[in-house]
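Have a look at the structure below, then the notes.
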Amino acid sequence: MALTLAPAKQQTQPHPPGEYPAVIVGAGAGGLQMSYFLHRLGVRHAVISEDSNPGGMFRKFPVYQRLNTWSKPYPPVEPTSRHYAWFDWNSLLADERTHLALVPEFMNDGSYFPTRLEMERGLETFAERAAVRVRYGCRWESTRRTESGFVLGTSDGEYRCRIAIFAIGMAEPWKPEIPGIDQVPHYAEALPSRQYARKRVLILGKRTSAFEMADALLAYTPQIILISPRPPLLAIHTHSTAGVRARYLLPYEDHVLGGGVFMLDAATERIEHTGTGFRVSASGTTRPGTFTFAVDAVVAATGWTTPLRDLRDLGLATFSQDRIPALTPYWESTTVPGIFFAGATSTGSVGLRKYGVPGNSGGVSGFRHNARVLAAYLARTYFDISVPRPLVRPGDVVGYLLSEASSAAELWNQRSYLARVLSVSEEAGILDEGIQPLAAFVDSAGPDAVAVVLETDAQGDHHPAVYVRRDGRVSEHALSGDPLLDFQSPDHRAQLTSILKDGLGLI
Ligand SMILES: Cc1cc2nc3c(=O)[nH]c(=O)nc-3n(C[C@H](O)[C@H](O)[C@H](O)COP(=O)(O)OP(=O)(O)OC[C@H]3O[C@@H](n4cnc5c(N)ncnc54)[C@H](O)[C@@H]3O)c2cc1C
């Protein structure tokens, strides 16, 4: 195979072009976490990134420099606890104490929302301490299928692999087709908030970036108008990292209190430059009507897309206006087997969306757990590496599952999405199958088994839900909620015991 790499770079950089069982593209939070878990399981792989350092999009975003996901600097439990990641949504996961809780390690301004720089430092330190080796400055440019896998053409040469894992993020600015939208900046190009002082600003969009920007501008602008066709579904969005979080809700309060913020459900039809400002025409959606706004500045906080390059030419299916790859529950392309996604793009596996609540795979809090699950799946399925499945004594099943429902960060960060699974058979006994995607459990005709997840219903009540698979058929049972979120009471024990006895003949 032809290597086009300059000799000096070949010596200093790891993972030269060549043949690898797996290749990860990307060294943001997603690629680092994926590489860490594959390495722990002994799956040889290369990691490449076009950037010059680890951290991915957190090296420049969010524009207003503070995350909307928290890390408590003084958590109530130790970083090694099953519970810990629930209190720290930003640090990557690891088995070694020295690699844990790395974002709070750099936080010192009293906020429990880290700054962009603190996040970047946390990720860099993870890459350093966990010795995640990345070939930087190496851009993936093309993809070819072969009989045994894929060839990734890169700026450094060709990588042959059985499977390719794309952790390429979803941070490429995206604008819908609206006449005149090319004349206004995307959120990614927005100016520092001070530069909007005394200006009337119209923001296209009502999702996270739009609210983040509106919040940052509140002190400076006399008027902010946020418009998009659909109203924000706060009850649902606030339950996921993918949506508007409490961190950004001040503009919403200002809107309700009649201050300088206005939120309208309207479809933008045209944006015109008027010399000193802009004229924006829109038509109402939830309430009919036509609107014309005269403003000083317009910013398109209209979303992001995945830099998929030529993957569509291989037949890769996408959704959401061609922005997100369509994935199986184990984050494999639904149409190109062997192509997997990690990091924010793992949101392409949507899960069951119980009560409308999506998974949290678009944020670090969710996709870091997906990476551990995917690494175990790949090790088992493609590389014949067995992942331990410890025996569970029948008398311990109820206590174990309830303790997982009360404190497992995987289940809390990824509600209705990731499950603790135990299989049951006469020959093998009760085996802990680890954490698995709930959608995979529900859809597969595997052995008799039980899966426990956390759910949040339409009233905001959190409760464990139990899925029992017997003879290939799955039944679903909700346990009671608890105001203090402790599901280990005698009543919960009795409920679960009865479900397992009736459903699986257990106990
Ligand atoms: C404005 C904004 C704010 C956000 N705020 C938060 C937040 O507060 N909390 C949170 O949890 N999530 C937040 N997110 C979601 C965020 O995208 C993810 O949490 C996370 O950073 C994504 O990590 P990733 O590794 O999937 O992708 P990225 O961090 O985007 O990394 C992508 C990697 O892929 C590499 N790459 C891409 N294309 C190529 C190529 N062709 N060749 C080689 N390398 C390539 C890049 O070099 C980079 O290393 C935010 C997203 C945006 C857009």
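The values are calculated or read from the model by the stated rules, or taken from the named source; none is laboratory data. Remember, predicted model here, so these are calculated numbers, not experimental data. Cβ placement follows ideal geometry from the backbone for every residue including glycine, while neighbour counts extend to all protein chains displayed.
Within segment 311-337, track down each residue that is of a type in the set (D, E, K, R) and within 16 Å of the chain's Cα centre (by Cα). Matches in segment 311-337: R323, E332. The criterion of at least 3 residues that are over 30 Å from G56 (Cα atoms) and in contact (Cβ under 8 Å) with a residue 12 or more places away in the chain is met, among strands (runs of 3 or more DSSP E) falling completely within segment 257-351, by 261-273, 278-284, 290-295.
Would it be correct to say that L102 is closer than 29 Å to T154 by Cα and either surrounded by 24 or more Cβ atoms within 10 Å (Cβ to Cβ) or more than 9 Å from the ligand (Cβ to nearest atom) (or both)? So L102 does not fit the description; no. Sub-7 Å Cβ pairs linking a first residue in segment 383-404 that is within 19 Å of H83 (Cα to Cα) to a second residue that is of a type in the set (S, T, Y) and part of a helix (DSSP H, G or I), at least 6 apart or interchain, are V398/T497, ordered by first then second residue.
Annotation: I225 fulfils all but one of (1) within 28 Å of the chain's Cα centre (by Cα); (2) at pLDDT 95 or above; (3) within 19 Å of Y64 (Cα to Cα); the unmet one is (1). Of all residues in segment 352-377, those satisfying the criterion of being outside any loop (DSSP other than H, G, I, E, B) and farther than 15 Å from A85 by Cα are K354, Y355, G356, V373, L374, A375, A376, Y377.
Selection of segment 357-413 for residues being touching a strand residue (DSSP E or B) at 6+ places or on another chain (Cβ under 8 Å), over 30 Å from L67 (Cβ atoms) and not aromatic (F, W, Y) yields V387, R389, P390, L391, V392, R393, P394, V397, L401, L402. Across segment 75-84, not a single residue is classified as within 16 Å of the ligand (Cβ to nearest atom), under 21 Å from the mean Cα position of the chain (by Cα) and surrounded by fewer than 21 Cβ atoms within 10 Å (Cβ to Cβ). Here is a check on your reading of the model: is E118 without any contact (Cβ under 8 Å) to a residue 60 or more places away in the chain, away from the ligand (no atom under 11 Å from the Cβ), part of a helix (DSSP H, G or I) and in the same structural domain as A29 (by TED's automatic domain parsing)? Judged against the criteria, E118 is a match. Please work out if R144 is within 16 Å of the ligand (Cβ to nearest atom), surrounded by fewer than 15 Cβ atoms within 10 Å (Cβ to Cβ) and more than 30 Å from F278 (Cα to Cα). Taking the combined requirement at face value, the residue satisfies it.
A quick yes/no check of all residues on (1) under 22 Å from L411 (Cα atoms); (2) without any contact (Cβ under 8 Å) to a residue 60 or more places away in the chain; (3) not aromatic (F, W, Y):
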site: A46; (1), (2), (3): no, no, yes
site: S52; (1), (2), (3): no, no, yes
site: G56; (1), (2), (3): no, no, yes
site: Q65; (1), (2), (3): no, yes, yes
site: K72; (1), (2), (3): yes, yes, yes
site: S81; (1), (2), (3): yes, no, yes
site: D95; (1), (2), (3): yes, yes, yes
site: T98; (1), (2), (3): no, yes, yes
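Quick one: A439 ticks every box in (1) outside any helix (DSSP H, G or I); (2) within 27 Å of the chain's Cα centre (by Cα); (3) not acidic (D, E) bar one, so which box is it? If we test A439 against (1) outside any helix (DSSP H, G or I); (2) within 27 Å of the chain's Cα centre (by Cα); (3) not acidic (D, E), just (1) comes out false. Across segment 272-296, the qualifying residues are those that are under 22 Å from A197 (Cβ atoms) and among the small types (G, A, S), and the one among them that is surrounded by the fewest Cβ atoms within 10 Å (Cβ to Cβ) is G275.
Residue-by-condition table, conditions (1) touching a residue at least 40 places away in the same chain (Cβ under 8 Å); (2) not polar (S, T, N, Q); (3) not assigned by TED's automatic domain parsing to the domain that holds V398:
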site: W412; (1), (2), (3): yes, yes, no
site: S444; (1), (2), (3): no, no, no
site: D461; (1), (2), (3): no, yes, no
site: Y467; (1), (2), (3): yes, yes, no
site: S475; (1), (2), (3): no, no, no
site: D482; (1), (2), (3): no, yes, no
